[in-house]
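The values are calculated or read from the model by the stated rules, or taken from the named source; none is laboratory data. These figures come from a predicted structure and were not determined experimentally. Quick reminder, even Gly has a Cβ in these numbers, built from the backbone with ideal geometry, and neighbours come from all protein chains shown. With ligands, DNA and RNA removed, areas are computed over all heavy atoms of the protein, side chains included. Shrake-Rupley method; radii C 1.70, N 1.55, O 1.52, S 1.80 Å.
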Amino acid sequence: MMRGFIAFTILFLSWSNAALAGDTKIEVPPSNQEQKQELSEQVLDRSDASLKMLYSIIELKKNLNQRIKEKNQILTKSSSDTEKKLLKSELTKLDKQLNDSAMDFERIATGIDIGLFVEKKVEAFDWQDELVGLIKPGIREIKRLTIKARYKAKLKDELSYYQGLSPVARQATQNIAQLISQTKDLELKKNLEKLLPEWKSIEKQILNKMEIVAMSLAEIENEEESIIETSQTSIKNFFRTRGLFLFIAVIACLGVFFFLRLFSRVMVRFIPGYTSKYRPFHIRVLSLFFRIIAFAMVFFVLIFVFYVVEDWVLLSLTIIFVMGIGWAAKNTLPQYWHQSRLMLNIGSVREGERMIYYGVPWLVKNINVFSELENPSLGVKLRLPIEDLLGKISRPFHKKEPWFPCKRNDWVILADGTRGVVTSLSHEMVELVQRGGAHKTYQTSDFLAQSPLNLSMNFRLKIPFGISYNLQKDSTGSILETLESYINTQVDKEGYKESLLNLRVEFQQAASSSLDILVLADFKGDMAPLYRRLSRAIQRWCVDACTLNNWEIPFPQLTIHK
């Protein structure tokens, strides 16, 4: 199947190249007389501008030759080593300027870049140079796209530089001429007159340079097309060449990727352990292997397509991109190693175990590029990138371990005294609705810190009650039986019998002023909304029993012995 896909890709690329070659043969319609005349005028204008520039360069070369001749004469007559050294340095600069002027003359006269005809030296093999050679077409293409703008900016900088020098040179010439006219010393006048021609030559040289740069800049601006025309041409050329190649490359990469994904899923189905709730190790290894192969094949197909269509620029940019990914992967290799261990289920977090995240326990359902966590009590599922599992720890758990202190619609009592029903809960916020309808919201971490007491399973009420010491004889016997019987009767009478799980009346303690009795009542969770009402009801039944049986209810007393 893979060979057939590659053969189809080659045929498709060959057809695209043929179609592209056929499309690039554009027939130019015959021009009319006005277009020919306009073209002739443009050629004549360009020739006139070139001739002006050549005249300016000839004048510049004459000035440079004259200055070189004068410097050589001064060098021959000079007897000072320091002066000779300074003159030689100036002569070197003038020779360089003369050489540059000759090259500019030849370049403008021919209208081409003469550097293309310079013979290149034979270089020894260097793998670093070869690697640079692979990415050079991409860099060259980027430079080509900006060459006109960079050259224009360079000319503007040179023009600004010469415009700044011109008034300085003119001022220097005027200052020397003024000193010559004012001085009466013949020796001083003679030295100033020797200096004046040199500075006039410098001024003329600057003006010639400024004129050449200005004409070059004007020629470039005249040749520039409008932004809209340039954009339209660039877009057309892009979609006829590189745009088509990119489209083919993207289609080929997507085809290979989906083919490998489909192939891996079909293959895995025939391997034992595929239907397990949690994937075994060998299934995970194959899955990771197919991912790596798919990633590598996508880049291989991308490079292969650009190689077949012989687009070295796109090939170079792809190589640069791959090298960038490789360089970035070098620094993140330890992180990828830990992620691979997690995906193989041999890391610190494993599927089917319990881990703490946001202070809440979670069941690790699946570990993949995006992992899945679930809290059964909250009814919340999280989708986490595998990077967030790094540094976390999971552990096996018992089936009866709670995942959260309560569920939605449970009644709870918190350490701060708040009692209410849970209407909303997640790993972020918990909302309670109190009796009367008031809403109270906690952050989940603060809610857990309040040690919530869940009443919705079952709950117990402990009601202490005191009787007088006058009843001491029966306080541990008949009084307890009578009170328990009376409370059972009242529970049945008021409709709480079905929810009552257990009722006991016990002697608690002999207090300082009373004999304390403790009523223990266990209720089902459906009576949680009536938690406080039941507490008050038991107190009321105890008082009614005392009234009915003439039991004295004591109050704190102070006894004085004389």
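In table form, for the structure just shown:
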{"read-out": "Backbone HN-Hα couplings from phi across segment 431-440 [Karplus 6.51/-1.76/1.60, Hz, Gly and Pro as x]", "value": "10, 10, 10, 7, 4, x, x, 5, 9, 9"}
{"read-out": "Convex hull projection area averaged over all views, segment 307-370, Cα basis, nm²", "value": "6.8 nm²"}
{"read-out": "Inverse mean reciprocal Cα-Cα distance (Kirkwood Rh) of segment 363-404, Å", "value": "11.3 Å"}
{"read-out": "Whole-number Å³ per residue for the convex hull built on Cα positions in segment 58-113", "value": "54 Å³"}
{"read-out": "Per-pair calculated FRET efficiency, R0 = 51 Å: Ile58 and Leu254 via Cβ, rounded to 0.05", "value": "0.25"}
{"read-out": "Arg536-Ile74 pseudo-label distance in nm [points 7 Å out on the Cα-to-Cβ vector]", "value": "11.5 nm"}
{"read-out": "Accessible area per residue, Å², segment 431-562 with all protein chains present, probe 1.4 Å", "value": "60 Å²"}
{"read-out": "Shape metrics for segment 385-458, restricted to C-alpha atoms - Rg then Dmax, Å", "value": "14.7, 46"}
{"read-out": "Distance between modelled label sites at Thr423 and Tyr358, nm, 7 Å Cα→Cβ extension", "value": "2.1 nm"}
{"read-out": "Long-range HN-HN contacts of Tyr358 with modeled amide H, under 5 Å", "value": "none"}
{"read-out": "Solvent-accessible ranking of Met527, Met323, largest area first, probe 1.4 Å", "value": "Met323, Met527"}
{"read-out": "Rg/Rh (Cα only; Kirkwood hydrodynamic radius) as it applies to segment 332-430", "value": "1.07"}
{"read-out": "Cα gyration tensor of segment 351-507 - equivalent ellipsoid semi-axes, whole Å, descending", "value": "46, 17, 14"}
{"read-out": "Portion, in percent, of the accessible area of segment 181-223 that falls on carbon or sulfur, probe 1.4 Å", "value": "54 percent"}
{"read-out": "Solvent-accessible area, 1.4 Å probe, carbon plus sulfur percent, for segment 395-518", "value": "47 percent"}
{"read-out": "Potential lengthening between Gln335 and Asp492 on full extension [0.36 nm per residue; Cα-Cα distance subtracted]", "value": "49.8 nm"}
{"read-out": "16 Å reach of a label modelled at Phe555, 7 Å along Cα-to-Cβ, counting backbone N of segment 491-523", "value": "513-514"}
{"read-out": "For segment 460-562, the fraction of alpha-carbon pairs in successive 10 Å shells from zero, as %", "value": "14, 47, 26, 10, 2, 1"}
{"read-out": "Additional length obtainable on full extension of the chain from Thr82 to Lys152, 0.36 nm per residue less Cα span", "value": "21.1 nm"}
{"read-out": "Gain on full stretching of the segment that runs from Arg383 to Phe299 - 0.36 nm per residue minus C-alpha separation", "value": "27.4 nm"}
{"read-out": "For segment 414-497, diffusion coefficient by Stokes-Einstein and Kirkwood Rh (Cα), 20 °C, 1.002 mPa s, µm²/s", "value": "129 µm²/s"}
